[in-house]
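K.L.:
Could you have a look at this structure, given as structure tokens, before my questions?
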DNA sequence: CCATTTAAGTTTGTATAGCAAACTATACTG
DNA sequence: CAGTATAGTTTGCTATACAAACTTAAATGG
């Protein structure tokens with residue numbers, strides 16, 4: 001079994017809170033701030049700071065608009081983000097698969 | 001899909017370097033310091049500090065002896081450690097499985 | 001119409017964590 | 001005996017996650 005893969009896993013994605021958000025974005029194509037907050041159970045502060053990191057990484061695109069008179073921030077996965085998720089999932093599945101089949 | 005599992009994943013195990021070491025211990029039943037170092041590609045300092053954490057968590061048992069005149073430190077998974085690995089793997093597989101089948 | 005509360009988000013403060021480099025101690029080797 | 005290698009720990013720095021405080025603006029209500 002290979003056990004030297006530890007530096008090949010994407011830490012931006014690996015963080016549970018972010019993986020949770022990304023998992024959500026992976027399936028819905030677009031989600032706004034409040035939806036993600038409700039869905040993941042994360043605090044607003046967490047969503048905000050983690051999203052900054054995901055944006056920096058180029059994994060999500062952020063769009064700020066107004067809905068009625070209230071601000072609305074919506075997120076969606078970029079292509080690189082989707083690709084990175086797939087790579088991450090494949091690698092983790094392989095690691096975990098090796099342990100139990 | 002459930003996307004609020006982020007706080008139910010065991011961070012002690014989740015850390016890639018430790019997961020790598022644990023994956024190794026999971027299959028070999030007992031491994032010494034140098035073996036783990038070679039196997040995982042981690043530095044001695046990393047093995048040392050991460051193992052301290054795993055020991056604190058009760059996931060590994062540490063045994064210090066001498067082989068010939070040289071010190072030899074060997075590690076093995078405890079039962080709680082093995083159990084925790086299984087729980088971790090199941091949860092992660094579920095998360096990842098939900099994303100791609 | 002002013003005061004209060006609620007909502008959406010961001011910034012800040014703190015404690016923790018990971019990693020690499022430096023260090024300790026001991027054993028070989030020439 | 002001097003120098004190098006081995007086994008392992010400690011230290012110092014940087015980065016990170018999380019919660020709490022803050023900002024801005026809109027709804028509510030007396």
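Values in this text are rule-based calculations from the coordinates and carry no lab data. This is a predicted model, so every value here is computed, not measured. Every residue, glycine among them, receives a Cβ derived from its backbone with ideal geometry; neighbour counts consider all protein chains shown.
K.L.:
Just to confirm the numbers: residue A:28, label point 7 angstrom along the Cα-Cβ line, distances to the other copies in nm, shortest first?
P.N.:
Nearest first, the other copies' label points are 4.5 nm away.
K.L.:
I would also like to ask the following. Can you tell me the orientation of helix A:44-56 relative to chain A, as the angle in degrees between its alpha-carbon axis and the longest Cα principal axis, to the nearest 10?
P.N.:
70 degrees
K.L.:
How tilted is helix B:79-100 with respect to the longest principal axis of chain B? Cα atoms for both, answer in degrees (0 to 90, nearest 10).
P.N.:
In chain B, helix B:79-100 runs at an angle near 40 degrees to the longest axis.
K.L.:
In square nanometres, what is one fourth of the surface area of the convex hull spanned by the alpha carbons of the range B:47-97?
P.N.:
4.4 nm²
K.L.:
In a GNM of chain A with a 10 Å cut-off on Cα contacts, which of A:78, A:65, A:43 has the highest mean-square fluctuation?
P.N.:
A:65
K.L.:
Which distances, in nm and shortest first, link the residue A:93 label point to the same label point in every other copy, taking 7 Å along Cα→Cβ?
P.N.:
1.3
K.L.:
Here is a follow-up. Which residue, A:71, A:16, A:80, tops the fluctuation ranking in a GNM of chain A built on C-alpha contacts under 10 Å?
P.N.:
Of the options given, A:71 has the highest mean-square fluctuation.
K.L.:
Can you tell me the relative contact order of chain A? Whole percent, Cα pairs under 8 Å, sequence separation 6 or more.
P.N.:
30 percent
K.L.:
What FRET efficiency, computed as 1/(1 + (r/R0)^6) with R0 = 22 Å and r the Cβ-Cβ distance, is obtained for residue B:9 and residue B:48, rounded to the nearest 0.05?
P.N.:
0.35
K.L.:
Spin-label point model (7 Å from Cα, Cβ direction): what's the residue B:72 to residue A:64 distance in nm?
P.N.:
6.2 nm
K.L.:
Using only Cα atoms and rounding to the nearest 10 degrees, what angle (0 to 90) does helix B:16-28 make with the longest principal axis of chain B?
P.N.:
Once rounded, the angle reads 70 degrees.
K.L.:
Can you tell which of A:27, A:67, A:87 shows the greatest fluctuation in a Gaussian network model of chain A with Cα springs below 10 Å?
P.N.:
Among A:27, A:67, A:87, the largest GNM mean-square fluctuation belongs to A:67.
K.L.:
Put a point 7 Å out from Cα along the line to Cβ at residue A:49; what are the distances to that point in the other copies, in nm, shortest first?
P.N.:
Once sorted, the set of distances for residue A:49 reads 2.0 nm.
K.L.:
Over the Cα atoms of the range A:13-100, what radius of gyration and what Dmax do you get, in Å?
P.N.:
Taking only Cα atoms of the range A:13-100, I get Rg and Dmax of 14.0, 53 Å.
K.L.:
What is the projected area of the convex hull of the Cα atoms of the protein assembly as shown, averaged over all directions, in nm²?
P.N.:
Mean projected area of the Cα convex hull: 12.3 nm².
K.L.:
Counting helices only, and only those DSSP H runs with n ≥ 4, report the 222 nm mean residue ellipticity of the protein assembly as shown as the sum of -39,500 (n - 2.57) divided by its residues, in deg cm²/dmol to the nearest 500.
P.N.:
Calculated from helices alone, the mean residue ellipticity at 222 nm is -18500 deg cm²/dmol.
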